[in-house]
Amino acid sequence: MATETVQPGAQNHDSMFDSVLARLDAAARLMNLSDDVAKILRNPQKLVKVSLAVQMDNGKTEIFEAYRCIHSTTLGPSKGGIRYAMDVCQDEVMALAAWMSFKCAVANLPYGGGKGGVKCDPKKLSLGELERLTRAYTKSMSDVFGVNKDIPAPDMGTSGREMAWLLDEFNKIKGEDSPGVVTGKPIVLGGSLGRDAATGRGVMVATICAMEKLNLDLKEVTVAIQGFGNVGSHAARLIAEQDIKVVAISDHTTALYNANGIDIKAAIAYAKNNGNVLKGFSGGTSITNAELLTCKCDILVPAAIQNVITAEIAPSVKARLIIEGANGPTTPEADEILKDKGVIVVPDILANGGGVTVSYFEWVQNKMGYYWPEAEVNQKHDLSMQVAFDNVWNNATEYKTTMRIGAYITALKKIELGVNFKGKF
Ligand code: GLU
């Protein structure tokens with residue numbers, strides 16, 4: 001297993017990390033962030049790249065490219081998920097790690113930010129291959145991870161299953177049980193009630209908060225949701241439970257529109273019995289994924305992947321409110337177009353912070369060895385999201401800017417204080 005520590009920021013990075021820097025710079029200018037702090041945050045603290053040698057079911061060895069990036073530990077141990085996807089690369093992992101630093105600061109969590117990823121197509125790997133890959137990744141990162149150091153969690157392409165393997169491998173290496181080294185675990189291994197639905201729950205609470213600010217009536221608005229994985233399906237279910245009409249849903253196999261509202265419970269039951277995909281579900285008229293983003297609706301929730309609301313799509317968006325369930329679904333060019341159109345974007349680093357918030361509650365419960373009922377977790381989560389939403393809203397108002405830049409300002413103010421209190425030397 002080869003371990004290579006690459007120089008953060010040494011390579012050319014294109015879209016995603018540049019997107020982070022563009023927003024960071026815009027916020028820094030408005031709030032007068034000190035140049036020193038900006039410099040620190042423009043460069044991830046640590047970037048580890050490894051080549052994982054994994055034995056496949058056919059007996060042959062495959063090499064997988066894998067990363068863990070620690071963007072910042074100013075406000076606490078780094079926190080962030082592990083992604084299994086084919087587009088995992090240095091640029092993406094750096095961007096996602098930086099977003100975690102800002103997301104945790106916005107959510108008022110005592111964490112910095114990190115992110116990991118393995119370049120692979122998890123759908124093409126057998127259960128055994130996935131387990132060996134996860135154990136190899138954990139082994140190579142066993143000095144990076146730690147309960148008070150760097151705490152991974154699920155992200156795209158991973159779930160409680162991978163976190164259980166990770167925990168087991170880490171415990172074996174360290175020779176003791178450290179449930180708090182990873183969050184998003186199965187409940188029986190120290191996971192938190194409410195964690196699985198938490199990101200979707202946060203999206204729902206952020207949606208309600210935004211509707212209140214804009215005086216939108218629950219009974220009258222319509223919502224379109226892109227993505228029906230962990231974030232999109234829970235968000236759809238929880239939004240529908242508020243009596244809000246969900247008129248469009250999609251996943252990577254299909255997209256559906258129904259002006260009368262889609263039966264979300266039926267869609268979830270259908271996907272559960274059909275290999276976790278919506279293809280073939282008859283609850284609406286079939287549309288394309290691009291049509292979903294531009295369909296007639298009041299609120300659009302991109303909850304699938306990054307860079308879907310682009311400069312090409314943005315002019316045709318009909319929603320007046322966008323709630324970002326995914327990380328980085330809107331490009332900086334699209335941001336400008338949406339701003340000019342008067343569309344309010346509740347940014348990812350606020351709207352999808354519910355997941356990491358309940359990850360924090362899981363970590364606290366692991367440290368206490370005492371576990372809370374789901375209602376308590378949900379109540380604490382909802383309050384935390386409402387507070388974060390108000391902070392971002394107030395900063396956006398004070399600095400006369402968008403909610404995205406308001407969210408960056410909220411985060412940067414805290415991180416700047418942290419850097420100054422700790423000292424730079
Ligand atoms: N992967 C999730 C995110 O992007 C959760 C991270 C965590 O719980 O640490 O926010």
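The values are calculated or read from the model by the stated rules, or taken from the named source; none is laboratory data. These figures come from a predicted structure and were not determined experimentally. We place every Cβ from the backbone using ideal geometry, glycine too, and count neighbours over all the protein chains shown. Surface areas here come from the heavy atoms of the whole protein model, side chains and all, with no ligands, DNA or RNA. Shrake-Rupley method; radii C 1.70, N 1.55, O 1.52, S 1.80 Å.
At a glance:
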item	result
Å² of accessible area per residue within segment 27-141, as computed with a 1.4 Å probe and no ligands counted	35
Residue 226 long-range amide H proximity, modeled H, under 5 Å	301, 303
Placed amide H near residue 75: partners under 5 Å, 5+ positions off or other chain	112
Shape call, segment 174-295: gyration tensor on alpha carbons, a/c limit 1.5	oblate
Surface share of carbon and sulfur [accessible, 1.4 angstrom probe, percent] for segment 257-370	52
Prolate/oblate/rounded call for segment 311-425, Cα gyration tensor, a/c under 1.5 rounded	oblate
Accessible surface of segment 1-160 [probe 1.4 Å, protein heavy atoms]: carbon and sulfur percent	47
Over 32 Å between alpha carbons, listed pairs 39/149; 79/245; 49/339; 46/339; 46/124	79/245; 49/339; 46/339
Spacing of the two label points (7 Å from each Cα toward its C-beta) at residue 341 and residue 265, in nm	3.4
Accessible area of segment 166-208 belonging to carbon and sulfur atoms, whole % at 1.4 Å probe	55
Order of exposure, largest accessible area first, which applies to 87, 340, 168, 150 with probe 1.4 Å	340, 87, 168, 150
Rounded D (µm²/s) - the chain, Kirkwood Rh over Cα pairs, Stokes-Einstein at 25 °C, 0.890 mPa s	114
Mean separation of Cα contacts under 8 Å (6+ apart) over length of segment 96-179, as relative contact order %	23
Under Karplus coefficients 6.51, -1.76 and 1.60, residue-wise ³J(HN,Hα) of segment 388-405 in Hz, glycine/proline x	4, 4, 4, 4, 5, 4, 5, 5, 4, 5, 4, 8, 6, 9, 6, 5, 5, 5
Extension gain, residue 35 back to residue 15 (0.36 nm per residue minus Cα-Cα distance, nm)	4.9 nm
Probe 1.4 Å, accessible area per residue of segment 170-246, Å²	40
Mean separation of Cα contacts under 8 Å, 6 or more apart, over the residue count of the chain: relative contact order %	16
Rg/Rh for segment 34-141, where both radii come from Cα atoms and Rh is the Kirkwood radius	1.06
